[in-house]
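Student: This structure is in structure tokens; I'll ask about it shortly.
The values are calculated or read from the model by the stated rules, or taken from the named source; none is laboratory data. Because the structure is a prediction, the values reported are computed rather than measured. As a convention, Cβ positions derive from the backbone with ideal geometry for all residues, glycine included, and neighbour counts pool all protein chains shown. Quick note on the areas: whole protein, heavy atoms, side chains included, nothing else; ligands and nucleic acids left out. Shrake-Rupley method; radii C 1.70, N 1.55, O 1.52, S 1.80 Å.
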Amino acid sequence: MSSYNTLPLHETLNLYVSPTAYVFEPASSSSPTHGFDGPAFVNEKDSRESLYVDRRTGRMSLNESSQIPFGKEKVITCYGIIGTLSLATTDFLLIITSRTPSCRLLSQPIYLATDFRLLPLSPLSTSSTILDHPVEKELISLVEQGLKSGRLWFSYGWDLTNSLQRQNEIAQDDARKEWPLWKKADERFFWNRYLMGKMIDLTENGGVDLSRFILPVMYGSVELRSTTLNNRDLLFLLISRRSRHRAGTRYFSRGLNSQGHTSNFNETEQIVLFDPLPEHGNPNSSRKGRVDGRERLSFVQTRGSVPLFWAEVNNLRYKPDLQIMDYTETPNALSTHLHSMIDLYGDVHLVNLVNQKGHEQPVKEAFERYMSLVASSDPKINEKAHYLYFDFHHECRKLRFDKIQLLIDRLEPDLDKMAWFHSTNPSSSQYGNSHHSSESGENATVLSRQQGVIRTNCMDCLDRTNVAQSALGRWALNKQLRTVGIISVKERVEEHEEFMTMFRHVWADHGDTVSRAYAGTGALKADYTRTGTRSKEGMLQDGYKSVMRYIRNNFFDGDRQDAFDILTGAWVAKRGGIPPLTDTRPLLMRAMPYILAFALTMILAAVTLPRTSELSIYSFLVLWVFLAFFSGSYIWGNGTSYVSWPRLNPPLEVLSWNGPGARSIARGRGLSLANVIPIFAKKNAAATGGIGGRPAVYKMEEVELGKRKGALID
């Protein structure tokens, strides 16, 4: 389609449900667009359109007459369509039925989606028939889990997926500035892009322009705070955008894929909005507390998993088995990732925070080896991609997290060259979703652009990365506010305690959101991010979070990974070809946890309840201690069989890999004498140079192709 409907998105829709159709009709009589002179209203009577979805054929059309189908059953108020989803028995429409206003960004409301509804397209798919189908019921529960556990944000007038700099570049492009909101959106952070595929295809190729019904949703966080610094009113905003590519959970989504997409990739944008001083430079002459945002500062960072083919295999141990796969396509995939980053951001500085010893050492060495390989063969990567290693745990040992300043000092020359985005605007109007030039950012004056990006990683890209990114954000803030004159050349934002309290809390909340999406809990080391100091209370909280991560990652993350795969299109249902999602392990293996629990209950009862004689209780205890030991050893020896694995896209390739690379000694892959009787495990560890069996776990083996077989679980 050469041109699209660029009128504002429909904000509130009445959904009329009948056995033959779903009809979405705009509920409001007018929709505001925010321009140079304030809100301008589009009369819906002059541009009214309703979306008609035929439940018998799945056809979508715009019904100008807005006729409501005869025999309508009910009316549902919804606030946007997320898309269509195909499951085991039928296709579904996914809609937003509840939203929470979060803030107003340059006159545009930002919402958090809080409740959803799945509507079956087939008239034969009633609630009872769906719930009676075991596979469909299970898939729907996974979809519900994926939606309810996520933080899904949207706006009808502000492009949450693009940074201020990218929005400005779109506004300066004669072709792109006329696009609707969904067309301008960054496809990496357009979380429901796969779900919107049918509506987008119909708009581009089907002759039916559904642009006003296509609502881009972003997964991440939006934190906006109003504050004051040196008697200047500011708006401080922190946005995190989670990529839909290779989305997943901590241990089931690591590294990169052949398309160059990495796991847990997030873009974080720190924005400061304020207004220039009025005439004569007297800040008291302006309206206190009101910020139009005519001057805008932005600094962008990214994080993402180490861009190699690697994995950690859960086996009920606190430290999973590490595995690095030296695929032949690794150099090409890494090059693709780096070229994509360079094309989007300019110079890329890859900051690696993993340990240089122990469990993480092979990841560091493999990363550096492949970076050297691609840089030596690709002039663009050699010029634009810069690798920097910083041993976080060594440099910041003994709780000295303030030593992160050493990293900032090493990066500072490159940070100064990279700069940040700075623009001034004649009004508080938005970039982007408008066809009026005064609203689209064409009149913005760009004083500087960010010419590169810091890409930070640790093993999980969570806790250490949060500390590093918040320190980089603080560095950028000091530089930016000095440049615009809000603080003096020798002044630092750290000297303003009230402002720093707000800054730390926003960054800590941001870190918690990123961590919950990937690991299932809030971030570790959050006490330092939140208060600027490390405390014993914070260490206790980290201990609790670590236990919860262990439980979630081993026993619950399989379903979470399945939910991500369904919603992002990593797994697509094949009608009639989905096996029952049931437990197929042998009966003995499934029974062992119950035997262990019953044996422990009997032991507890024997110790606490009254007894007739010491001899009888001794015989009783021997039996149940033996059963507890045997069942516990069996579970420990077959640890991988008790992990909650993804069922839709099980990681069979990782579990069966026997090619070149590096891996720790496989544990929990099957029962053996050493697994059941610890003395044999100790002798085996001693023979391999281990002390108590522990260091042998961290001894990595370089595996040549065909020399060693990998372990494969059922």
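Student: Label S102 and Q356 with points 7 Å out from Cα along Cα→Cβ: what is the distance between them in nm?
Tutor: 3.9 nm
Student: Something else now. Pull up all non-local amide H partners of T114: gap of 5 or more, or a different chain, and H-to-H distance under 5 Å with H placed in the peptide plane.
Tutor: Sorted by chain and number, the residues that satisfy this are S98, R99, T100.
Student: Just to be sure I understand the model, the point goes 7 Å from the Cα along the line to the Cβ. What's the resulting T114 to Y594 distance in nm?
Tutor: Result: 4.1 nm between the two label points.
Student: With +1 assigned to the C-beta of every Lys and Arg and -1 to the C-beta of every Asp and Glu, and no other charges, what is the dipole magnitude of region 92-203 about the Cα centre in debye, to the nearest 20?
Tutor: 280 debye
Student: Quick check for me: using +1 on Lys/Arg Cβ and -1 on Asp/Glu Cβ, what's the dipole size of region 330-429 about its Cα centre, in debye to the nearest 20?
Tutor: Numbers: 11 positive and 14 negative charges, 63 e Å.
The calculated dipole for region 330-429 is roughly 300 debye.
Student: Taking region 312-364, which chymotrypsin sites (Phe, Trp or Tyr not before Pro) meet the DSSP loop condition and have no more than 12 other C-beta atoms within 10 Å? Intermediate results must be reported in sequence, preceding the final value.
Tutor: Details: sites: Y318, Y327, Y345; in loops: Y318, Y327.
When the chymotrypsin sites (Phe, Trp or Tyr not before Pro) of region 312-364 are filtered for loop state and at most 12 Cβ neighbours within 10 Å, Y318 remain.
Student: May I ask for the net charge around V272, where only other residues with Cβ less than 10 Å from the Cβ of V272 are counted and Lys, Arg are +1 while Asp, Glu are -1?
Tutor: 0
Student: On a 30 Å Cα-Cα criterion, which of the cross-link pairs K319/K479; K319/K525; K357/K536; K384/K545 come out too long?
Tutor: Result: K319/K479; K384/K545 exceed 30 Å.
Student: Send over a whole-number figure in Å² for the accessible area per residue of region 177-233, probe 1.4 Å.
Tutor: Counting only protein heavy atoms, the per-residue value for region 177-233 is 31 Å².
Student: Roughly speaking, what is the stretch gain from Y618 to T328, that is 0.36 nm per residue apart minus the C-alpha to C-alpha distance, in nm to one decimal?
Tutor: Extending this stretch completely gives an extra 98.3 nm.
Student: Just going by the charge dipole of region 484-566, with Lys and Arg at +1 and Asp and Glu at -1 on Cβ, which of S488, L540, F499 is farthest out on the positive end?
Tutor: Of the options given, the answer is L540.
Student: Based on the Cβ-Cβ distance from D54 to Q259, what FRET efficiency comes out when R0 is 35 Å, to the nearest 0.05?
Tutor: Plugging the Cβ-Cβ distance into 1/(1 + (r/R0)^6) gives 0.50.
Student: Pick out, in residue order, every one of the trypsin sites (Lys or Arg not before Pro) in region 457-551 that is DSSP loop and has at most 11 other C-beta atoms within 10 Å; say none if there are none.
Tutor: K490
Student: Moving on to the next point. Figure the gain on full extension for Y544 and V75 (residue separation times 0.36 nm, minus the Cα-Cα span) and round it to one decimal in nm. Display every interim value, and only then the final one.
Tutor: On the way: separation 469, 0.36 × 469 = 168.84 nm, distance 4.58 nm.
Full extension of this stretch gives 164.3 nm more.
Student: How much length, in nm to one decimal, is gained on full extension between T582 and E537, taken as 0.36 nm per residue of separation minus their Cα-Cα distance?
Tutor: 12.0 nm
Student: So how strong a dipole does region 267-413 carry about its Cα centre when Lys and Arg Cβ are +1 and Asp and Glu Cβ are -1, to the nearest 20 debye?
Tutor: 620 debye
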